[in-house]
Amino acid sequence: MSDGTVLDLVRSDLRAFAGYSSARSSALVGDVWLNANESAWANPADAQGIARRYPEPQPEALRARLAALYGCSADQLLIGRGSDEAIDLLVRALCEPGRDAVLVTPPVFGMYAVCARLQNAPLLEVPLRDAGAALEADIDAIIAAALAGNAKLVFLCTPSNPAGSTISLDDIERVARALQGRALVVVDEAYGEYAEQASATSLLAHRDNVAVLRTLSKAHALAAARIGSLIAAPALIQTLRRCQAPYPVPAPCTALALAALEPAALEVTASRVAQIKAERGRLAAALQQAPGVVLVYPSQGNYLLVRFNDAQAAFDALLAAGVVVRDQRAAPQLHDALRITVGSPEENDRVLQVLSARRAAA
């Protein structure tokens, strides 16, 4: 397949798949709703009765608000349970088990590989290139491996988790152009609010084989609400919606997300993102001077990947002080690394105090 539309990438048996037609999928109007076998009364714990009815499958108000936030049209956006659901939907809808491959760039977010395994999709790995002071995506190797390995999905995480590095829009477009008609390039921007570069949504206007993942879990502080978005060509969004569970967005989560996207709340979020960026720089500079630290990678996310001469000792010291960080030593190339989320100034000070105290103890 060298040409064609993005729908040509969908499994042939799913292109005309109708999916499940739920009680909320039609535009019926009435004031006595007896079509979904719901309770006639609210639960005593739900005084307002907001949970008695099944929710909108794709809440239109939230969809419009998210589209405005991410600079796309509503018909380009699918809401799901965090980014995880969108990743799973893409793998299931595009990859024929045992044939169509998923390409990832380790060390990277593990759900891409998990979803590939569950679909029995071959996994292609193109490790990040160690450039000394950074771990970077090897664009030429990604293109070559995707073409040779029959990749149907290519996941590009930018900023990369846990490396913190970004992939330029020019490089993302180069991958998409090389794989047009053969693979969908999925740009995971879970940490996009903390990065300096523009979103890859700007590429969708002329590259229908690009999709973008966004989430309210990180910068917007709604991890427990599980609101994620997939932004892609409208035809692909419609197809994935038919493959999605009937009611993916709980009504209380929708209400919380809408409140979080009001102008006043967005102003607070923007100020906190700015503070995290400043703290990221402060923490990185201080950590580089801490005893036992070998390297602090530059990061465009809200975390820092740090190499230690004794990562176990650093992990144990932090844990003993009540500070939990992410042990990355099982990931490829990261046998001596921990990932530290950039927290509040007070939390970051605690990290620095613990690691500095190791010098005095030594």
Which of Gly343, Gln353, Gln328, positive extreme of dipole for the range 321-362 (C-beta unit charges):
Gln328
Using the alpha-carbon centroid of each, what span in Å lies between the range 71-136 and the range 151-205?
11 Å
Assuming a ≥ b ≥ c are the square roots of the Cα gyration tensor eigenvalues, decide whether the range 242-303 counts as rounded (a/c under 1.5), prolate (otherwise, with a/b larger than b/c) or oblate.
oblate
Comparing Val325, Val154, Val351 in a Gaussian network model of the chain (Cα, 10 Å), the one with the largest mean-square fluctuation is Val325
Likely footprinting exposure, Val114, Val296, Val29, fewest C-beta neighbours within 10 Å first:
Val29, Val114, Val296
Expressed in angstrom and rounded, the centroid-to-centroid distance over alpha carbons for the range 261-330 and the range 206-255 is 28 Å
For the range 1-158 (alpha-carbon point model, no solvent) the Debye-based log₁₀ I(q)/I(0) at q = 0.13, 0.14, 0.21 Å⁻¹ works out to -0.83, -0.92, -1.39
Total formal charge among the other residues, if their Cβ is under 14 angstrom from that of Gln238, Lys/Arg +1 and Asp/Glu -1:
+2
Computed label-point distance, nm, for sites Ala270 and Ala64 using a 7 Å Cα→Cβ extension:
2.2 nm
Degrees, to the nearest 10: 263-288 long Cα axis against longest axis of the chain:
30 degrees
Calculated from DSSP helices alone, with each H run of at least 4 adding -39500 (n - 2.57) and the total divided by the residues of the chain, [θ]222 nm to the nearest 500 comes to -11000 deg cm²/dmol
For a quick check, take a GNM of the chain with Cα springs below 10 Å and name the residue from Ser160, Ser229, Ser73 with the largest mean-square fluctuation.
Ser73
Dipole moment magnitude, nearest 20 debye, the range 264-361 about Cα centre, only Lys, Arg, Asp, Glu C-beta charged
160 debye
Could you quote the convex hull projected area for the range 1-83, Cα atoms only and averaged over all directions, in nm²?
9.0 nm²
If you add up the charges near Arg214, with Lys and Arg at +1 and Asp and Glu at -1, over every other residue whose beta carbon is less than 14 angstrom from its beta carbon, what do you get?
0
Expressed to two decimals, the range 264-361 has a Cα Rg over Rh, using the Kirkwood radius, of 0.99
Going by how many other Cβ atoms sit within 10 Å of their own, how do Val273, Val91, Val268 line up, fewest first?
Val268, Val273, Val91
Just to compare against my own numbers: the Cα pair-distance distribution for the range 177-314, 10 Å bins, whole % per bin, please.
10, 28, 30, 22, 9, 0
Compute the angle between helix 311-320 and the longest alpha-carbon principal axis of the chain, please, reported from 0 to 90 degrees and rounded to the nearest 10.
80 degrees
Taking a crude spin-label model, label points 7 Å out from Cα along the C-beta direction, the Glu196 to Ala313 distance in nm is 3.5 nm
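In which sequence would Trp41, Trp33 go, from the one with the fewest C-beta neighbours within 10 Å to the one with the most?
Trp41, Trp33
A short reminder: the numbers here are calculations on the coordinates, not readings from a lab. What you are looking at is a predicted structure, and each value in this text was computed from that prediction instead of being measured. Counting neighbours? That spans all protein chains shown, and the Cβs are built from the backbone with ideal geometry, glycine included.
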